[in-house]
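Here is the structure we will look at, set down as structure tokens.
The values are calculated or read from the model by the stated rules, or taken from the named source; none is laboratory data. Nothing here was measured: the structure is a model prediction, and the numbers come from that model. Quick reminder, even Gly has a Cβ in these numbers, built from the backbone with ideal geometry, and neighbours come from all protein chains shown.
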Amino acid sequence: MSALAWISGGLLVGALGAPTFAVLRGAHGRAALLFKRYASMLEDDASVLLSRYSGSQIARLQLVAACFFFVLLLFTGRLAVLGCAAGALLGPPLILKRRRAERVARLERQLDTWLLMLANALKSTSSLGEAIESTAVLVPRPFSEEVDLLVKELRLGVPLDRALDVMSLRIGSPSVSGALMMIVVARQTGGSLPSTLETSASALREAARLEGVLRTKTAEGRGQVLVLALVPFLLCLIITWLDPTWFEPMVGHPYGRLVLAVCLVAWTAATAWAHQIAGAEL
């Protein structure tokens, strides 16, 4: 390699390595603040999934992997490395968000079943805590995992209203939060909780039916986001197949590789933004 390539490579390694080392050491500053915000976002998703890894651990691994692939891209110029860097940047948050959405959707589908089980349990016992504990072995996963956590908090002496509030915040679902708030209000006002639970379960089933209709009508927009995100990589593959030397001026020069890295960051931001907009439509 030429001296210019080595100098450019050294500068890029230093530019990437310095903030990476500072963040990993817990330094203060704008970069560390952005890292903490990003790690907090990942932590929100990981906590819903009951993951053994914290958001900070996942973000640190992402940071190290992204820097490694960027440096490898500089010295090799292979487009496959560019794809690996994109996966390191965009893969974990998208996977976490997708798994969280799937888990929350399953919890919402099982919510009406749990409410009916709780209503039936309250017909045989006057204690709401005992009724909740009896449903833990009846309701399927993943709702049984949430009920188990709720029961453990109750056994540790956490007030029932506070334990329900923590469960609501952890799941982050409007449907679940509304149902749990309804339980708290009905308990405090002294109404007929079993009949209230049965009415709520019936309303949730109707809401789930309407949401399914809405998802069907908005599926096209979400699919377009995926297609548009894959178009740049498909074009690169087609161009490389037609003319293997077409990208050599770009990947063969340090400045060209730097431009590719900037394009990758822009693509990542644009894809995440489009994904967020498509999700907001629903």
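Observations on the model:
- Residues of the stretch 42-99 satisfying the condition of being without any contact (Cβ under 8 Å) to a residue 12 or more places away in the chain and under 19 Å from Leu226 (Cβ atoms): Gly87, Gly91, Ile95, Arg98
- Any hit, the stretch 45-59, residues being closer than 30 Å to Met167 by Cβ, at pLDDT 75 or above, buried (at least 16 other Cβ atoms within 10 Å of the Cβ) and among the acidic types (Asp, Glu): yes
- All told, Ser175 meets the bar of being under 28 Å from the mean Cα position of the chain (by Cα), over 19 Å from Leu122 (Cβ atoms) and hydroxyl-bearing (Ser, Thr, Tyr).
- So Glu153, is it of a type in the set (Asp, Glu), surrounded by 15 or more Cβ atoms within 10 Å (Cβ to Cβ) and either over 22 Å from Leu50 (Cα atoms) or without any contact (Cβ under 8 Å) to a residue 12 or more places away in the chain (or both): no
- Residue match in the stretch 20-40 (condition: under 30 Å from Gly256 (Cβ atoms), buried (at least 16 other Cβ atoms within 10 Å of the Cβ) and at pLDDT below 70): yes
- For Ala119: the one exception among (1) out of contact with any Ser or Thr (no Cβ under 8 Å at 6 or more places or on another chain); (2) more than 26 Å from Ser40 (Cβ to Cβ); (3) surrounded by 16 or more Cβ atoms within 10 Å (Cβ to Cβ): (1)
- Contact map, the stretch 222-239: first residue surrounded by 11 or more Cβ atoms within 10 Å (Cβ to Cβ), second residue aliphatic (A, V, I, L, M) and modelled with pLDDT of 85 or more, Cβ cut-off under 8 Å, separation 6 or more or different chains; the map is empty.
- When the test is whether a residue is outside any helix (DSSP H, G or I) and surrounded by fewer than 18 Cβ atoms within 10 Å (Cβ to Cβ), Ser144 does not pass it.
- Residue in the stretch 113-124 that is out of contact with any Gly (no Cβ under 7 Å at 6 or more places or on another chain), more than 18 Å from Leu150 (Cα to Cα) and free of Cβ contacts under 8 Å to residues at least 40 places away in the same chain present: yes
- Some residue of the stretch 127-139 being among the hydroxyl-bearing types (Ser, Thr, Tyr), in a helix (DSSP H, G or I), on the phi < 0 side of the Ramachandran plot and out of contact with any Cys (no Cβ under 8 Å at 6 or more places or on another chain): yes
- Number of the exception - Leu122 against (1) at pLDDT 85 or above; (2) under 19 Å from the mean Cα position of the chain (by Cα): (2)
- The condition of being farther than 30 Å from Ile58 by Cα and in contact with a Ser or Thr (Cβ under 7 Å, 6 or more places away or on another chain) does not hold for Ala86.
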